[in-house]
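Structure first, commentary second.
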Amino acid sequence: MSTHNIFPVFDLQLFAEGAAAGDGGATAGTGVTGAAAVPQTKGEKSNPLANVKYGKQEVAAPVAEVQETAQPTEDRQAAFEKLIKGEFKDLYDAKMQDTIQKRLRGTRETVEKFEALSPTLELLAKKYGV
């Protein structure tokens, strides 16, 4: 029995993008590690990817603007209460009743279907001893 290696030596590099073995993931001709950069040529003024930032970047959101739009002020709150309890009370009540009826319609239909299937389910439960 011969003791030769049945697997030939593979020089596999993932994400190396053509870099020579042992250069730590740096791309050819650049000092950038972990990022794909195009090597510079003599006739080229600048690298088109030189200002590209790779990986996750932290973005600072304007917190003050988000809070202002998310939380209504007391004046707006009072104006809204005045509208729904005063001039537009009937329209608001009608809209709320319509919304509630739409949500309960599905519940009623489900209960009716369950009640219709109830005798069948009881028969099956007796048969299988559940």
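In straight Cα distance, which lysines are under 21 Å from K113, not counting same-chain residues fewer than 8 positions off?
K102, K126
Quick check: pseudo-label points 7 Å beyond the Cα along Cα→Cβ at T73 and F88, how many nm apart are they?
1.9 nm
Need one value: the accessible area of D75 in square angstrom, 1.4 angstrom probe, rounded to the nearest 10.
D75 has an accessible surface of roughly 130 Å² with all protein chains in place.
Obtain the nm distance between the two label points defined at Q97 and L49 by a simple spin-label model: each point lies 7 Å from its Cα along the Cα-to-C-beta direction.
6.6 nm
The values are calculated or read from the model by the stated rules, or taken from the named source; none is laboratory data. Because the structure is predicted, anything quoted here is derived from the model rather than measured. Backbone-built Cβ (ideal geometry, glycine too); neighbour counts: all protein chains shown. Each accessible area value is taken on the protein alone, full model and side chains, heavy atoms only, with ligands, DNA and RNA left out. Shrake-Rupley method; radii C 1.70, N 1.55, O 1.52, S 1.80 Å.
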